[in-house]
1. Out of (1) of a type outside the set (Val, Ile, Thr); (2) at pLDDT below 80; (3) part of a helix (DSSP H, G or I), what's the single condition that is false for Ala160?
2. Within the set of pairs 6+ apart or on separate chains, which have a first residue in the range 101-119 that is closer than 12 Å to Phe91 by Cα and assigned to a loop (DSSP other than H, G, I, E, B), a second that is among the polar types (S, T, N, Q) and at pLDDT below 85, and C-beta atoms under 6 Å apart?
3. Taking the options Arg187, Arg149, name whichever one is surrounded by fewer than 20 Cβ atoms within 10 Å (Cβ to Cβ), among the charged types (D, E, K, R), over 27 Å from Trp97 (Cα atoms) and at pLDDT below 80.
4. How many residues are buried (at least 20 other Cβ atoms within 10 Å of the Cβ), more than 12 Å from the chain's Cα centre (by Cα) and among the β-branched types (Val, Ile, Thr) when one looks only at the range 49-75?
5. Any residue at all in the range 247-257 that is touching a residue at least 60 places away in the same chain (Cβ under 8 Å), more than 17 Å from Gly37 (Cα to Cα) and surrounded by fewer than 22 Cβ atoms within 10 Å (Cβ to Cβ)?
6. Considering only residues of the range 277-290 that are closer than 23 Å to Ala215 by Cα and touching a helix residue (DSSP H, G or I) at 6+ places or on another chain (Cβ under 6 Å), which is surrounded by the most Cβ atoms within 10 Å (Cβ to Cβ)?
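The values are calculated or read from the model by the stated rules, or taken from the named source; none is laboratory data. Everything numeric in this text was worked out from a predicted model, so none of it was measured. Heads up, the Cβs are rebuilt from the backbone with ideal geometry, glycines too, and the neighbour counts pull from every protein chain shown.
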Amino acid sequence: MEALRQLVFSLQQAGYLPEMFQYAFLTNALVAALIIGPLLGALGPLVVVKRLAFFSEAVGHGALTGVALGILLGEPATQPFAALFTFCLLFALLLHWIRSRTQVPYDALVGVFLSFAIALGAALLLYVAKKVNVHILENVLFGSILTVRDADLLVMAVIAATCVLLMLTGGNRALISSLAPDLAKVRGINVRLYDYVFVLLIALVTVASVKIVGAILVGALLLIPATAARLISRTGREFFWYSVVFATISCLLGILLPMAGALPIPSGAAIVLIASAGFLLALLVRRWRSLA
């Protein structure tokens with residue numbers, strides 16, 4: 001984390017970044033983008049392959065309830081980590097557990113949980129809004145580059161390191177479990193275990209991204225870059241790396257442009273709009289290839 005901060009500072013001193021990056025909170029925002037962007041891009045392909053886009057959206061909305069519970073329990077309004085992570089992890093595990101034990105279609109089940117999360121979150125936030133600055137709640141909903149602190153960066157770095165470690169040690173088995181579960185079972189791979197681990201990773205990364213992207217939009221950044229990458233990829237390796245590149249560029253531009261005043265909108269909205277532009281570009285590239 002400190003190495004990334006020094007990198008940003010060096011780029012600013014060399015003239016590659018605006019002078020405003022001498023301020024710590026702006027440097028923190030850029031470092032957060034460098035952590036979260038590649039991480040979301042790396043998980044995105046499996047989200048697309050496993051058709052869990054709606055699931056990540058539900059977990060993101062569950063963050064609203066987690067934040068409200070944290071404030072009600074006396075946690076700092078800007079960092080209700082205990083309640084936020086606890087609620088979202090339990091929310092994700094319960095949803096996946098019920099999925100494996102019922103015949104309800106998965107999209108319908110996720111819709112039920114999503115509706116519950118929105119309703120409960122809205123009810124609690126309405127009550128919490130009387131106790132805290134309403135702008136704090138806006139930051140939770142839509143993300144804010146101004147609220148990223150050292151503690152947030154530490155949480156992001158720990159989650160990123162955990163995800164990288166799990167990818168290095170079990171990435172191939174997780175991929176086989178996603179693409180060909182029957183073959184994975186024949187090879188002795190515990191498919192259910194990898195499903196639960198992946199669900200937990202999505203929940204952790206989603207919660208870690210709330211400060212930057214916002215609870216309402218975080219699911220989109222798991223989905224859009226990976227979908228764009230799938231349009232122009234010819235191999236699984238390209239699918240992965242294009243997704244990482246799209247997500248990272250979206251995060252960086254979504255942080256830099258609002259800072260420079262080019263997009264006077266919340267960072268979460270800017271990131272998702274830029275990712276959507278990347279998706280449209282990928283569509284054009286795919287169309288051009290088909291005509292060539």
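1. Ala160 satisfies every listed condition except (2).
2. If the second residue must be among the polar types (S, T, N, Q) and at pLDDT below 85, no pairs are left.
3. Criteria check complete, one pass: Arg149.
4. 3
5. No, the range 247-257 contains no residue that is touching a residue at least 60 places away in the same chain (Cβ under 8 Å), more than 17 Å from Gly37 (Cα to Cα) and surrounded by fewer than 22 Cβ atoms within 10 Å (Cβ to Cβ).
6. Looking only at the range 277-290, we keep the residues that are closer than 23 Å to Ala215 by Cα, and these are 277-279.
In the following step, the residues that additionally are touching a helix residue (DSSP H, G or I) at 6+ places or on another chain (Cβ under 6 Å) were identified as 278-279.
Numbers: Gly278: 22, Phe279: 19.
It comes out as Gly278.
Here is a yes/no grid of residues against (1) closer than 30 Å to Gly74 by Cα; (2) in contact with a helix residue (DSSP H, G or I) (Cβ under 7 Å, 6 or more places away or on another chain); (3) at pLDDT 80 or above:
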{"position": "Ser115", "(1), (2), (3)": "yes, no, yes"}
{"position": "Leu120", "(1), (2), (3)": "yes, yes, yes"}
{"position": "Leu168", "(1), (2), (3)": "no, no, no"}
{"position": "Leu200", "(1), (2), (3)": "yes, yes, yes"}
